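One structure is given here, and the rest of the page talks about it.
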Amino acid sequence: MPWTKVYGNKAEFEKHLAGEPGLRGLTYREALLEAASQMLASDPSVFVIGEGVDDSGGVFGTTKGLHQRFGKDRVMDSPLAENAVTGIAVGAAVAGMRPILVHMRVDFMPLTMDQIINHAAKWRYMFGGKLNVPLVIRSIVGRGWGSAAQHSQNLQALFAHIPGLKVVMPSTPFDAKGLLKASVYDGNPVIFIEHRWLYEHMGHVPEESYTVPIGKGIVRRPGKDATVVGISHMVYESMKAAEELMGEGIDCEVIDLRTIRPMDTGLIIESVKKTGRLVVADTGWKDCGPGSEIITRVVEEAFGFLKAPARRVNLPDVPTPASPALEKAYYPGAADIVSAVKKTLGK
Amino acid sequence: MRKELLKYGMQTLTKNILDRMYASMLRIRMFEEKIVELYPEQEMKCPVHLCIGQEAIAAGVCLNLKKDDYVFSNHRGHGHCLAKGSPMRPLFAEFYGKATGCSKGKGGSMHLVDAERGILGTSAIVGGGIPMGVGASLASMLKNEERVTAIFFGDGAYDEGAFYESFNFASLKKLPVVFVCENNFYATNSHQSARQPGCRISDTAAAFDAHGVCVDGNDVIAVYKAARDSVSRAARGGGPSLIEAKTYRWKGHVGPEADFDKGSRPKEELDYWVERCPVKAFRAFLLEKNVTTPKEMDEVASAIKAEIDDAVSFARASPYPEAKELLEDLYI
Ligand SMILES: Cc1ncc(C[n+]2csc(CCOP(=O)(O)OP(=O)(O)O)c2C)c(N)n1
Ligand SMILES: [Mg+2]
């Protein structure tokens with residue numbers, strides 16, 4: 001399937017596109033825009049709400065022009081009131097709408113925790129299944145250009161901790177479109193986390209509306225020597241690392257986790273049973289993060305298959321610094337994955 | 001009687017409405033008193049926040065609502081559900097933790113629901129239900145439904161940021177929602193004056209370009225009138241209102257006992273408000289004006305008693321949820 005492929009950059013994609021006529025390419029941002037546009041067109045219960053969703057930039061282009069096409073009631077700007085607006089989206093969802101709420105940066109979501117954790121996540125269980133919260137909260141991770149401590153965080157672990165939520169982090173344009181639709185129609189509150197560095201990525205994206213299942217990871221590159229689980233932007237770093245390692249005769253299997261909660265444990269365990277080695281590369285901090293969870297599950301269910309201690313690649317245990325010199329030291333990349341994989345091989 | 005009613009500007013107040021006000025308040029009072037009676041048995045194993053003394057607000061507001069209008073309530077929510085028309089069986093069963101409870105035993109007394117009657121769940125996070133109520137009214141607006149949402153909250157919730165953010169949004173979008181602040185002067189043991197410099201809750205509305213009114217929350221007709229005005233304003237696109245209804249809770253913050261003996265509040269304060277009991281005052285009014293006869297009132301009381309007895313037996317006889325239900329209902 002061409003769309004399960006990961007292309008490292010636009011040029012690489014365009015090279016492939018030339019060889020596969022009939023397939024259409026979109027960027028990640030265009031894929032999100034198309035998904036929203038198709039759902040707004042086909043379903044009156046869908047609406048988009050958030051700070052600046054109707055401005056000229058359109059949330060990095062992902063909502064651009066939608067208000068002109070669908071009106072300001074369906075693509076609704078909101079006051080700077082993250083907690084209440086989140087609760088308003090929760091209430092609208094309980095009352096039968098399918099809101100797509102956008103918080104431009106994950107860093108603003110700590111202000112919404114009451115409505116997400118105490119309300120959205122609880123509303124079905126606490127009332128014995130009598131009510132549902134079909135809500136999607138899109139949010140964006142920043143990186144670089146001195147964005148610093150309050151505009152670049154990766155808070156997926158906070159949400160992944162909470163029963164009642166789902167947490168999705170697509171890495172390719174195809175998945176961005178299909179997972180957004182799956183999230184809107186999932187019926188549960190879904191935290192949908194995008195990474196700014198993915199917006200320019202290109203890939204094959206069919207024009208028709210489709211879904212990608214929540215809770216399913218995917219093998220981006222089969223291999224036999226070590227399993228590398230990548231999350232969001234780190235999938236690309238993992239692919240680069242795998243290529244580099246191949247040059248040294250080490251054959252990595254790269255899994256794109258795609259959904260943090262519920263986690264596709266089965267896929268990872270299958271892979272580890274084959275490779276016996278595991279590295280998890282996440283965009284966030286290490287402690288109590290998805291990497292901790294993945295390794296724990298492998299230890300619980302496939303301990304005997306591990307030939308070496310598992311490794312994690314994460315951010316250092318400090319907030320994001322601003323200086324380019326410090327940023328460079330802060331963000332891990334393919335090289336860190338390469339060395340983590342080598343460690344599992346005793347090299 | 002007509003003259004008295006004209007004083008309230010309520011030419012259309014009929015005996016029917018007045019009788020329903022009385023029945024609604026009495027139903028809440030007797031329901032709560034039954035909990036006071038049974039709670040010491042420790043068979044209702046969840047905290048209960050009683051609204052004895054505050055019945056006129058729920059009754060006066062909800063009589064203006066249609067069955068499918070939405071109500072959002074809070075931890076002190078029994079009265080709101082009853083006034084909105086919820087039957088007693090699922091409520092008592094919920095307090096007893098039974099599978100037949102309105103939330104199948106997963107919510108307890110602080111998390112009541114009755115979707116059929118527009119009660120889309122209840123938050124016990126102070127102020128937490130307010131944004132959701134605004135969201136439900138946004139849904140009504142987007143769907144072009146003729147539906148009004150009433151949000152009940154306390155003077156304590158007025159301290160919370162969620163209130164201001166939500167009220168601002170509701171006024172900005174002219175949503176069909178009525179904010180009902182039940183000002184009983186206390187948030188647990190903390191007096192309003194210890195938390196708010198102004199103590200003029202309803203005045204807040206002006207800053208948001210919305211309608212605000214302060215009423216005697218123990219006067220059911222005053223509440224009814226304010227709510228009728230606000231509900232019709234909301235329904236015709238006039239945006240939200242903030243009704244501040246001053247009242248007093250007779251029992252402690254939580255549980256069936258009074259709290260003055262624990263030093264929380266002066267006994268004289270309670271005595272003053274018990275003297276101004278909303279049910280007693282309205283009963284006297286109805287009798288004095290010859291609206292309702294004592295016999296009619298007795299009939300109302302015995303019907304309520306029968307409903308309570310039935311609901312309590314139902315709740316007691318109902319099964320507990322099975323252990324397998326523990327893991328159910330999390331995701332769709
Ligand atoms: C966010 C939050 N803070 C504190 C509490 C604890 N608490 C429960 S009820 C309550 C008092 C609420 O007072 P008010 O809103 O006036 O309602 P009342 O109990 O008087 O009806 C408090 C502080 C809570 N449930 N939620
Ligand atoms: Mg209070």
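General remarks:
- Any pair with Cβ under 9 angstrom, 6 or more apart, that starts in the stretch B:317-328 at a residue that is of a type in the set (Phe, Trp, Tyr) and ends at one that is surrounded by 14 or more Cβ atoms within 10 Å (Cβ to Cβ): B:TYR320/B:TYR96; B:TYR320/B:GLY97; B:TYR320/B:LYS98; B:TYR320/B:ALA99; B:TYR320/B:GLY105
- Count of the stretch B:160-197 residues which are within 16 Å of ligand 2 (Cβ to nearest atom), part of a loop (DSSP other than H, G, I, E, B) and surrounded by fewer than 17 Cβ atoms within 10 Å (Cβ to Cβ): 3
- Scanning the stretch A:126-159 for residues that are facing chain B (nearest Cβ under 10 Å) and buried (at least 22 other Cβ atoms within 10 Å of the Cβ) returns A:MET126, A:PHE127, A:GLY128, A:VAL133, A:PRO134, A:LEU135.
- Inter-residue pairs, beta-carbon under 6 Å, first hydroxyl-bearing (Ser, Thr, Tyr) and in the stretch A:316-342, second surrounded by 20 or more Cβ atoms within 10 Å (Cβ to Cβ), 6+ apart: A:THR320/A:SER152
- The stretch B:88-102, residues that are outside any helix (DSSP H, G or I) and either at the interface with chain A (Cβ under 9 Å from one of its Cβ atoms) or of a type outside the set (Ser, Thr, Tyr) (or both): B:GLY97, B:LYS98, B:ALA99, B:GLY101, B:CYS102
- Inter-residue pairs, beta-carbon under 6 Å, first among the hydroxyl-bearing types (Ser, Thr, Tyr) and in the stretch B:183-195, second outside any helix (DSSP H, G or I) and near ligand 1 (Cβ under 8 Å from one of its atoms), 6+ apart: B:THR188/B:HIS253
- Filtering the stretch A:46-84 to residues that are facing chain B (nearest Cβ under 8 Å) and farther than 21 Å from A:LEU111 by Cβ leaves A:PHE47, A:ASP73, A:ARG74.
- A count restricted to the stretch B:169-215 and to residues that are within 14 Å of chain A (Cβ to nearest Cβ) and within 16 Å of ligand 1 (Cβ to nearest atom) stands at 1.
- Only one entry of B:GLU32, B:GLU43 meets the criterion of being acidic (Asp, Glu), more than 21 Å from A:GLY91 (Cα to Cα), away from chain A (no Cβ under 12 Å) and buried (at least 20 other Cβ atoms within 10 Å of the Cβ), and that entry is B:GLU32.
- Enumeration of residues in the stretch A:186-197 that are more than 10 Å from every other protein chain (Cβ to nearest Cβ) and in contact (Cβ under 8 Å) with a residue 60 or more places away in the chain: A:ILE191, A:ILE193, A:GLU194, A:HIS195, A:ARG196
- Filtering the stretch B:103-159 to residues that are within 11 Å of ligand 1 (Cβ to nearest atom), assigned to a helix (DSSP H, G or I) and more than 9 Å from every other protein chain (Cβ to nearest Cβ) leaves B:ALA157, B:TYR158, B:ASP159.
- When B:ILE125, B:ILE151 are checked against the criterion of being within 16 Å of ligand 2 (Cβ to nearest atom) and surrounded by 21 or more Cβ atoms within 10 Å (Cβ to Cβ), B:ILE151 stands alone in meeting it.
- Test: A:ASN154 is away from ligand 1 (no atom under 16 Å from the Cβ), in a loop (DSSP other than H, G, I, E, B) and within 22 Å of the chain's Cα centre (by Cα): yes
- Annotation: B:ASP68 fulfils all but one of (1) in a helix (DSSP H, G or I); (2) in contact (Cβ under 8 Å) with a residue 24 or more places away in the chain; the unmet one is (1).
- The set of residues from the stretch A:85-125 being touching a helix residue (DSSP H, G or I) at 6+ places or on another chain (Cβ under 7 Å), within 9 Å of chain B (Cβ to nearest Cβ), touching a residue at least 24 places away in the same chain (Cβ under 8 Å) and not in a helix (DSSP H, G or I) comprises A:GLY96, A:MET97, A:PRO99, A:TRP123.
- The stretch B:217-273, residues that are among the charged types (D, E, K, R), out of contact with any Ser or Thr (no Cβ under 8 Å at 6 or more places or on another chain) and within 16 Å of ligand 2 (Cβ to nearest atom): B:LYS246, B:ARG249, B:LYS251, B:ASP259, B:ARG265, B:GLU269
- Of the set (1) within 25 Å of B:GLY252 (Cβ to Cβ); (2) more than 16 Å from ligand 1 (Cβ to nearest atom), all apply to B:THR14 but (1).
- Enumeration of residues in the stretch A:239-288 that are at positive phi and basic (Lys, Arg): A:ARG258
- Selection status of A:VAL219, part of a strand (DSSP E or B), modelled with pLDDT of 95 or more and in contact with a Lys or Arg (Cβ under 9 Å, 6 or more places away or on another chain): no
The values are calculated or read from the model by the stated rules, or taken from the named source; none is laboratory data. Keep in mind it's a predicted model, so treat the numbers as computed, not measured. Ideal geometry is used to build each Cβ from the backbone, glycine not excepted, and the neighbour counts take in all protein chains shown.
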